[in-house]
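Shown next, in structure tokens, is the structure this report addresses.
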Amino acid sequence: MMFTWNRALSARLKTSCAPLTVAAAFTAMLAAVTVGSAAAAEPAKAPAPSAAEASQASGTLKRADADERLVLEKLQALGAKGVHELSVKQARSQPTPADAVKAVLKDQGQGTDPAPVAATKDITIPGPGGDIKARVYTPFGDGPFPVVLYFHGGGWVIADIDTYDGSARAIARGAKAIVVSAHYRQAPEHKFPAAHEDAIAAYKWMVENAGSLNGDTKRIAVAGESAGGNLAANVAIAARDQKLQTPAAEILIYPVAGTNTSTPSYDKNAEAMPLGKADMEWFFDKTQSGPGDKKNPMLDLVHADLHGLPPTTIITDSIDPLMSEGEMLADNMKKAGVKVTYKNFEGVTHEFFGMTPVVSKSADSQMLVGDQLQQAFGE
């Protein structure tokens, strides 16, 4: 899921300068108010953040690595808010972590061009509710290449293949594979299980048509971030149940793996950024067709039948409400006999996977994913 924080703090900490720490932002605001009182033409300043808001921001910032903190502080300055404060339209148009990464790079005098691949091409895939938009990323080299079907995050409500362009490129480069980044119908216009139906349809199409993309139809994996990680896992389950070709691997990056919002990591990270408890509850509310959906194992993966699934890599991060359920999913998969590689990254937050080249652990996680996929593909 893409960025979802601020709870009004961002507007109060917004600055045109380089990213500030919370304490420095408070000092700057006090100075600004003093200047404003001496000049009648100066517009009124926003009130200082409350103690609760300051604690909420500093709690995440204090726990985050220094390079991750740069992105979070820039995200504050860009004015993004928690989705639970916004309409769906507003949530879909507000600044994203990708925007913050680019802004940090500009501040540092670095380029913001995307990581190169040999070619990209937009295509459509037939789906149960109409055409599914997708983008094909082809790596350098000679094919046929293995293929990764990738699903972006966004809580099944926001974001698209453009938002997660950096992640798709990183996987294509690291795995030396074609990546097909597939969109899907989103809530609330299309309630659960519309996104899941599209994801499964995209996989079926890929098995039949990967060759037309210079892909190897016998070497297809699935991957996804956040809500997209949930979709990738459901594709693997559907492949088992519908006797489709088994994916070579599944890569689940901080997946939405449960619907219980009272786990230890939800409690610890209830007010975290860029994703907090209220934001996840907003996503569930927008996605569900009814209250019973939360018990559906397609959403509540930790209670799904996990037997007979392909080798799985699960990545979580410590400043994230979803950490506990990701860890639980890894444990339950192991109990079901699935080969699982599980890695939790400390000092980073939800969405860190796509934060290269600013966040070093983003690069580490991308390297892990590339290595795991190459092993699965027999490279």
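The values are calculated or read from the model by the stated rules, or taken from the named source; none is laboratory data. This one's a predicted model, so the numbers in the text were calculated from it and none came from an experiment. We place every Cβ from the backbone using ideal geometry, glycine too, and count neighbours over all the protein chains shown.
Hey, among the residues in segment 66-93 that are of a type in the set (S, T, N, Q) and without any contact (Cβ under 8 Å) to a residue 24 or more places away in the chain, which one's farthest from residue 287 (Cα to Cα)? In this case the residue turns out to be 93. Quick check on my filter: what residues within segment 259-288 are part of a loop (DSSP other than H, G, I, E, B) and among the charged types (D, E, K, R)? Scanning segment 259-288 gives a single hit, 271. Whether any residue in segment 275-290 is within 24 Å of residue 186 (Cβ to Cβ) and over 22 Å from the mean Cα position of the chain (by Cα) is what I want to check. Yes, segment 275-290 contains a residue that is within 24 Å of residue 186 (Cβ to Cβ) and over 22 Å from the mean Cα position of the chain (by Cα). Remark: residue 326 falls outside the filter, which requires a residue to be over 26 Å from residue 285 (Cα atoms) and either touching a residue at least 60 places away in the same chain (Cβ under 8 Å) or basic (Lys, Arg) (or both).
Given the criteria buried (at least 17 other Cβ atoms within 10 Å of the Cβ), outside the structural domain of residue 197 (by TED's automatic domain parsing), at pLDDT 95 or above and assigned to a helix (DSSP H, G or I), does residue 74 qualify? So residue 74 passes the test. When residue 315 is tested against (1) under 24 Å from residue 369 (Cβ atoms); (2) part of a loop (DSSP other than H, G, I, E, B); (3) among the aliphatic types (A, V, I, L, M), just one condition goes unmet, and that condition is (2). Quick one: which strands (runs of 3 or more DSSP E) sit completely within segment 168-253 and have at least 1 residues that are surrounded by fewer than 22 Cβ atoms within 10 Å (Cβ to Cβ) and touching a helix residue (DSSP H, G or I) at 6+ places or on another chain (Cβ under 7 Å)? Here the list reads 215-225. Residues being surrounded by fewer than 24 Cβ atoms within 10 Å (Cβ to Cβ), touching a His at 6+ places or on another chain (Cβ under 7 Å) and either of a type outside the set (Phe, Trp, Tyr) or under 20 Å from residue 233 (Cα atoms) (or both) are entirely absent from segment 91-109.
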